[in-house]
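Take a look at the structure below.
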Amino acid sequence: YEILVFVFSALFVFLTISGISSVTKVLYFKGDNEMLMRLPVKGHEVFISKTLYLLVNQILITSILIFPIMWAYSGVAEVPSAFLKLIPVAIAFMVFIPFMISNLLAIPVMAISNIVRHKFALVILFMIIGVTALFAVYMLLFESMVIYLKGQSFSVFDPEIIEVLKQIAVYCIPTKYFANLVLQSGQNFALTFLLGLSIVLFVLTTLLIVF
């Protein structure tokens, strides 16, 4: 179960980050926007067509990444009979929710990008701070792991490691509900939660775009 949670979590983060980049480039910074606006088509039609293009692209990428992992997982672990049939449902939520989050984050990201675009000293400063922060976090985690593993025979399947992973998986929201959905563990709540989250994000994104 924890493996699925972490797989969905990694994919969720990847789709959100790549989605922000795709949304800003295709919907807002694409060079053909001005040309398309001169054609006898409405602005919202261009926006919808580009949005559908991004969604189809995300569906293909997500399907290519998820299906082999889920197929392999079903071969080594005991799964419900409907496991493979529920994967398309999980993919639909996995595509839609990160895409809506990407749309919400794209505008502030563009605002920050416009502010620092020509301020190279500020960009370099942010990069230095970011790299330093990541390196510091890495060193702290590495040091903590070394201290923890001293005097112990390390194994990924060590009961203590498994327990830590279980505790982490509990806080992986909303991605743990993708695993619950395909494994039919608390399926009704997982489906309700993901559907409700999708609706809320869709409403917020629509309001942001309209206003």
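Could you please find all residues in the stretch 1-26 being closer than 21 Å to Y73 by Cα, of a type in the set (G, A, S) and crowded, with 18+ Cβ neighbours inside 10 Å?
Passing the criteria: only S9.
Considering only residues that are at pLDDT 85 or above and surrounded by 17 or more Cβ atoms within 10 Å (Cβ to Cβ), which ones fall in the stretch 50-64?
Scanning the stretch 50-64 gives Q58, I59, T62.
Looking at P108, P68, can you tell me which residue is assigned to a helix (DSSP H, G or I), under 22 Å from V203 (Cβ atoms), without any contact (Cβ under 8 Å) to a residue 24 or more places away in the chain and open to solvent by 40 Å² or more (accessible area, probe 1.4 Å)?
P108
Let's see how each residue does on (1) modelled with pLDDT under 80; (2) β-branched (V, I, T); (3) under 30 Å from F6 (Cα atoms); (4) assigned to a loop (DSSP other than H, G, I, E, B):
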site	(1), (2), (3), (4)
L36	yes, no, no, no
E45	yes, no, no, no
I48	yes, yes, no, no
A72	no, no, yes, no
K85	no, no, yes, no
S102	no, no, yes, no
I124	yes, yes, no, no
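The values are calculated or read from the model by the stated rules, or taken from the named source; none is laboratory data. Computed from a predicted structure; not experimentally measured. Cβ coordinates were reconstructed from backbone atoms using ideal geometry, including for glycine residues, and neighbour counts include every protein chain displayed. Side chains included, ligands, DNA and RNA excluded: accessible areas come from the protein's heavy atoms. Shrake-Rupley method; radii C 1.70, N 1.55, O 1.52, S 1.80 Å.
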